Structure formats: structure tokens, C-alpha cells
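Each remark here refers to the structure printed beneath this line.
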Amino acid sequence: MKTSFKKYIETLIEKEWAEPDLSSAKEPDQTAVKPDVWSDQPKDDQIPDQKQPEGEDQQEPQEQEDPDKQGVLRKVKGAHLVYKRKSPDGDFEELWVFNTGGGLQDEITIRKAVLAGTDIPPSKTKSDDGIQSYEIVTLGNAQLLSIKGLPQ
């Protein structure tokens, strides 16, 4: 399971932190637009009110919920929340990434700050009741902290 988790994280990092391909970028068009180009367009006060015919349902655009940002989201200085997802059993799972290049003390401080939102003591990997747990994977100077079993 650890190798599949590592492969998943590596793929996720490649997608999240991939440099944009600027080789096909075009220079912006520098042509000037004459002010009289839009003069034949009606002004706002000249546009007739368009009412929807009666009997038709008016649908408001529905906001799409981001599947990677569900539940109550937290912010931790020095760490980035990659995702927070609801699992099939109703609990939430979070994945945090942070840089460990600042030294061991920074790593411990960030880990404690991330775990402060859980029931997991900083010196253990599971909560006392065994419901919440976390796993750490280190890739270079980046650490990925996966927390499972969160109530919200």
C-alpha cells in the first residue's frame, strides 16, 4: 500500500507543481482599438428588458463543489493543504505538503500546527481512540502528511 500511496503522491505533485509550458505562448496583440468601433452598439439604457416567458423554469447556475476541498478547511503557516476529501465511510481525509529545508525545528513546528486540528498527539501517529491517524512520506525536501479519520 505504501508504494501505491507514494506513486499517487508523486503523480499529484507533478500535476500541482508542473511548470507551465510557455513555448507556445503568443505575444499579446498590440493593435489599438478605435473608440468609435463600438458606437453602433446600443447603450445599457437602450436595451429592452428581456423577460423569460412564463411557465419556463428559471435555473440559477449551480456552484460546482470542488471534490478536493470539502468540509471545514484550515490554514497552517508553512504548509499547503493539497486536498480534503470525504471518504465513503463519512470521515474526511487531508493531505498536507510542506518544505523541510528549514531544518528539523521548522518541520516539527509545522507538523504540530497541522496536527493541532486533530485528536492525534504530536508524539504518536494515532489518536487515543484509534479513529484518527496520519502517515508521513518524504520526497526530497518535501514532506507529505496524510491524515485520515477526521470528523469534519
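The values are calculated or read from the model by the stated rules, or taken from the named source; none is laboratory data. It should be emphasised that the depicted structure is a prediction, and the values quoted were computed from it without experimental measurement. Every residue, glycine among them, receives a Cβ derived from its backbone with ideal geometry; neighbour counts consider all protein chains shown.
Scanning the range 123-152 for residues that are surrounded by 12 or more Cβ atoms within 10 Å (Cβ to Cβ) and assigned to a loop (DSSP other than H, G, I, E, B) yields Thr125, Ser127, Ile131, Gln132, Pro151. Taking the range 119-151 as the range and being among the polar types (S, T, N, Q) and touching an Asp or Glu at 6+ places or on another chain (Cβ under 9 Å) as the test, the residues that pass are Thr125, Ser127, Gln132, Gln143, Ser146.
Only residues that are touching a residue at least 60 places away in the same chain (Cβ under 8 Å) and either touching a Leu at 6+ places or on another chain (Cβ under 6 Å) or not acidic (Asp, Glu) (or both) were counted across the range 122-144, and they come to 4. When you look at Gly103, is it at positive phi, out of contact with any helix residue (DSSP H, G or I) (no Cβ under 7 Å at 6 or more places or on another chain) and either surrounded by 13 or more Cβ atoms within 10 Å (Cβ to Cβ) or at pLDDT below 95 (or both), yes or no? Considered against the rule, which asks whether it is at positive phi, out of contact with any helix residue (DSSP H, G or I) (no Cβ under 7 Å at 6 or more places or on another chain) and either surrounded by 13 or more Cβ atoms within 10 Å (Cβ to Cβ) or at pLDDT below 95 (or both), Gly103 comes out as yes. Filtered by the rule that a residue be farther than 14 Å from Ile136 by Cα, part of a helix (DSSP H, G or I) and either touching a Leu at 6+ places or on another chain (Cβ under 7 Å) or touching a residue at least 12 places away in the same chain (Cβ under 8 Å) (or both), the range 101-121 gives Asp106, Thr109, Ala113. Scanning the range 42-86 for residues that are at pLDDT 90 or above and assigned to a loop (DSSP other than H, G, I, E, B) turns up Lys75, Val76, Lys77, Gly78.
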